[in-house]
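The values are calculated or read from the model by the stated rules, or taken from the named source; none is laboratory data. This one's a predicted model, so the numbers in the text were calculated from it and none came from an experiment. FYI the Cβ positions are ideal-geometry reconstructions off the backbone, even for glycines, and counts take in every protein chain you see.
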Amino acid sequence: MKHTLVFLLIATFIYACGGSDSANETSGAQEATTATPQVDGKKIYKQYCVTCHGLYGDMGASGAFNLTTSELPVDERIVVITKGRGAMTPFENLLDADEIAAVAAYTLELKK
């Protein structure tokens, strides 16, 4: 009797933990591959840009431009972030295109 009870508990546990139909697995896999994660430009800015531009974009360390008064459109900001300018480090080897675009978009939020 004891062995039967243990067997039933183990079988129930295995069934509860491992059972899923293949249709649900397929749709879950498709959702995972088609869903694009949102890139956080603010987080990347804080990681790479705060040292020279400051938290609010107006620090100007090492000759960094004041982002609160910059008139560059987003496409030119992407080029500057990608290729660098003056003493600014080019980020083309550190960040991918989506991350650079997210940072450029975030810098527009720093304008006064």
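Things to note:
- Looking across segment 62-89, the residues that are surrounded by 11 or more Cβ atoms within 10 Å (Cβ to Cβ) and of a type in the set (A, V, I, L, M) come down to A64, L67, L72, V74, I78, V79, V80, I81, M88.
- On inspection, L95 does not qualify as in contact with a His (Cβ under 8 Å, 6 or more places away or on another chain) and surrounded by 11 or more Cβ atoms within 10 Å (Cβ to Cβ).
- Condition met for P90 (at pLDDT 90 or above and touching a Lys or Arg at 6+ places or on another chain (Cβ under 8 Å)): yes
- Selection over segment 77-100 of residues that are charged (D, E, K, R), part of a loop (DSSP other than H, G, I, E, B) and in contact with a Phe, Trp or Tyr (Cβ under 9 Å, 6 or more places away or on another chain) gives a count of 1.
- Looking only at residues in segment 60-85 that are modelled with pLDDT under 95 and touching a helix residue (DSSP H, G or I) at 6+ places or on another chain (Cβ under 6 Å), the one that is farthest from K43 (Cα to Cα) is S62.
- Pair list, Cβ under 6 Å, 6 or more apart: segment 47-75 residue in contact (Cβ under 8 Å) with a residue 12 or more places away in the chain and among the polar types (S, T, N, Q), other residue buried (at least 16 other Cβ atoms within 10 Å of the Cβ) and not in a loop (DSSP other than H, G, I, E, B): S62/C52
- Selection from segment 71-104 of residues that are among the small types (G, A, S) and closer than 13 Å to C49 by Cβ: G84, A102, A104
- Residues (of a type in the set (G, A, S) and part of a loop (DSSP other than H, G, I, E, B)) located in segment 48-76: G54, G57, G60, A64, S70
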